[in-house]
Structure formats: C-alpha cells, structure tokens
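The values are calculated or read from the model by the stated rules, or taken from the named source; none is laboratory data. Keep in mind that what you see is a predicted model, and the values were worked out from it rather than measured. Neighbour counts are summed over all protein chains in view; Cβ atoms, including those assigned to glycine, are modelled from backbone coordinates with ideal geometry.
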Amino acid sequence: MASENPTSTEYIQHHLQNLTLGVHPDGTIGIAHGAEEAREMGFWAIHLDTMFWSIGLGAAFLFLFYRAASKATSGVPGKWQNFVEMVIEFIDNNVRGTFNAKNDLVAPIALTLFVWILLMNLMDLVPVDWIPELAKLIGIPYMKVVPTTDPNATFGMAIAVFVLMIYYSIKEKGFGGFFGELAFQPFPKWMFPVNLLLEGVSLISKPVSLALRLFGNLYAGEMIFILIALLYSGGLIWGAVGGALQWAWAVFHVLIVLLQAFIFMILTVVYLDMAHQEH
C-alpha cells in the first residue's frame with residue numbers, strides 16, 4: 001500500500017496491481033513497486049500472482065478429479081464421485097450436441113477449460129482484502145487472486161484455442177482447403193482480396209472476443225467488489241450498506257462466474273467444430 005491509511009484511489013490501484021517480476025530499466029531483476037515500474041519492465045515481465053493462482057488451481061483440478069477417478073466405484077457413489085460424474089455428463093452432453101465430427105480430444109479440452117476457468121472465476125468471491133492482507137504480512141506487496149481478471153491469462157487460453165482451430169482446419173482440409181475458405185467466399189473467387197480481408201478479420205476476432213469477453217466480465221465484477229469494500233471505511237451505517245451490497249452482488253456474480261466459464265467452453269467447442277467441417 002502507498003501508506004498506512006490509503007486514499008480511495010490508492011486502495012483501488014493497489015488491488016488492481018499485479019505482483020510483477022521483470023527487468024528494471026537499470027538492468028536489475030526484481031518486483032515492480034507500482035504500475036509505472038511494471039510498465040517500464042515491458043512485455044516480458046511476468047505476473048507472478050496470475051501464474052501462481054492459475055497453475056495452483058489447475059493442479060487442484062487435476063488432483064481432485066484424478067482422486068475421484070482412482071476411487072470410482074460401480075456401486076453406490078460417494079458425494080464427490082457423484083459431483084464429478086455430474087460435471088462430466090454435463091460437458092459430454094454439450095459436446096455431443098455441438099460437435100459433429102470425430103475427435104476424442106474435444107470433450108477433455110472442454111472439461112478442462114470449463115472447470116479450470118470456473119475455479120479461477122470463483123476466486124472473485126473471496127473477500128477482496130483477505131488474501132492481499134495476508135500477503136502483506138509476509139512481505140508480498142501485491143496479490144491479485146483472480147487470474148481471469150488478467151488479460152495475459154485470458155489471451156493465453158484464447159491463443160491456445162486459436163492454435164487448435166488452425167491446426168485442425170489444416171489437418172482436416174489441407175492447407176489449400178483452409179486457404180480456400182478464407183479467400184474464395186462469400187464473394188466470387190476473383191474478389192479473393194476482399195474475401196481474404198473479411199474472413200481473416202472474422203478468424204482473428206474469434207480468439208480476441210474469447211479473451212476480452214472473459215476478462216471484461218470478471219474485471220468489472222472485481223472492480224465492483226473493490227468499490228463496495230470502500231464503504232467499510234465510512235462508518236457503521238455505510239459498513240452495513242456495504243455488507244448488504246456485497247452479499248447481493250456475490251449472489252448475482254455467481255451467475256456471471258458460471259456463465260462466463262460455460263461461454264468460453266462452448267464457444268471453443270463450436271470453433272473446433274467449424275475447424276472440422278467443410279463450408
């Protein structure tokens with residue numbers, strides 16, 4: 001924090017600042033203390049908090065689902081096995097209804113994206129001061145705990161989906177077929193420059209919209225939680241108002257958390273289906 005009693009602006013800036021590791025202008029490697037230092041570190045700076053929470057939550061997902069699979073029984077299932085089977089059945093039904101080609105990797109990809117993004121989104125329901133204040137006690141100046149509020153994370157996942165789209169498009173149709181889809185429609189072939197421009201923009205917009213939709217919704221949700229938290233510094237009455245607003249927004253935000261994970265997953269399945277289909 002900028003001071004022991006930060007202003008509202010300092011409070012918001014602190015909670016929106018990632019723990020950034022990079023190279024300072026003088027050539028030394030270290031943690032950025034403030035947004036200006038983080039910008040000076042340039043593109044190759046790493047958001048350590050985003051990496052920690054995204055990898056940690058991904059590892060938790062793998063461990064918990066592996067545990068359910070290793071202890072699965074054909075008899076009466078336990079509560080955790082029952083929950084995992086319900087999630088897998090939900091993903092399987094959506095993939096079967098959306099993906100019309102044959103690819104055994106699509107359902108696991110959809111399951112991974114849905115559960116991983118859901119876990120990252122759910123971190124937004126943790127009160128905004130709890131983990132950052134604990135981090136301060138052990139000397140960590142910044143700690144953003146919601147990886148999907150970092151565009152680096154959302155664009156990373158969207159670019160991975162984009163690479164899969166291109167890979168399967170070329171694999172299923174050949175490079176000529178893939179290029180033909182971009183260059184020879186919707187207008188006649190002699191207008192291929194216009195076609196290429198239109199279809200190229202449409203292709204590039206898919207990962208951009210995937211990343212920005214997830215980032216924008218979660219970032220806005222986090223910002224509202226931060227603004228509500230400011231009410232606690234206004235005395236007993238404003239604190240009570242803040243508590244009521246926080247509860248109401250958390251209930252509503254659960255829908256956003258679930259919906260954004262589902263949208264990212266289902267659009268990925270749709271895009272992969274398009275990559276497998278001939279126009």
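Can you say whether Ala240 is surrounded by 15 or more Cβ atoms within 10 Å (Cβ to Cβ) and either out of contact with any Phe, Trp or Tyr (no Cβ under 7 Å at 6 or more places or on another chain) or more than 16 Å from Asn121 (Cα to Cα) (or both), as far as the supplied structure shows?
The answer is no for Ala240.
Here are the criteria: (1) closer than 24 Å to Val269 by Cβ; (2) of a type outside the set (Gly, Ala, Ser); (3) not in a helix (DSSP H, G or I). Tell me which single one Phe187 does not satisfy.
In the conditions (1) closer than 24 Å to Val269 by Cβ; (2) of a type outside the set (Gly, Ala, Ser); (3) not in a helix (DSSP H, G or I), Phe187 misses (1) alone.
Tell me which residues, restricted to the range 32-60, are in a helix (DSSP H, G or I) and more than 19 Å from the chain's Cα centre (by Cα). Give the steps one after another, and end with the answer.
Step one: list which residues in the range 32-60 are in a helix (DSSP H, G or I), which gives 35-40, 48-60.
Hits for the range 32-60 are Ala35, Glu36, Glu37, Ala38, Arg39, Glu40.
Report the residue count in the range 63-86 for those that are loosely packed, with under 13 Cβ neighbours inside 10 Å and part of a helix (DSSP H, G or I).
Total satisfying the criteria: 7.
Being farther than 25 Å from Asp129 by Cα, of a type in the set (Lys, Arg) and free of Cβ contacts under 8 Å to residues at least 12 places away in the same chain narrows it down to one of Lys189, Lys206, so name that one.
It is Lys189.
Which condition breaks for Val126 when tested against (1) within 19 Å of the chain's Cα centre (by Cα); (2) modelled with pLDDT of 95 or more; (3) surrounded by fewer than 15 Cβ atoms within 10 Å (Cβ to Cβ)?
With respect to (1) within 19 Å of the chain's Cα centre (by Cα); (2) modelled with pLDDT of 95 or more; (3) surrounded by fewer than 15 Cβ atoms within 10 Å (Cβ to Cβ), Val126 is out only on (2).
Among Ala211, Ala244, Ala250, Ala229, which is among the aliphatic types (A, V, I, L, M) and free of Cβ contacts under 8 Å to residues at least 12 places away in the same chain? Show your work before the answer.
Values: Ala211 fails: free of Cβ contacts under 8 Å to residues at least 12 places away in the same chain; Ala250 fails: free of Cβ contacts under 8 Å to residues at least 12 places away in the same chain; Ala229 fails: free of Cβ contacts under 8 Å to residues at least 12 places away in the same chain.
Being among the aliphatic types (A, V, I, L, M) and free of Cβ contacts under 8 Å to residues at least 12 places away in the same chain holds for just one of Ala211, Ala244, Ala250, Ala229, which is Ala244.
I'd like the full set of residues that are acidic (Asp, Glu) and within 20 Å of Ala110 (Cβ to Cβ), limited to the range 227-279. Steps first, answer last, please.
So the first thing to find is which residues in the range 227-279 are acidic (Asp, Glu), and the list is 273, 278.
Listed by number, the list holds a single entry, Asp273.
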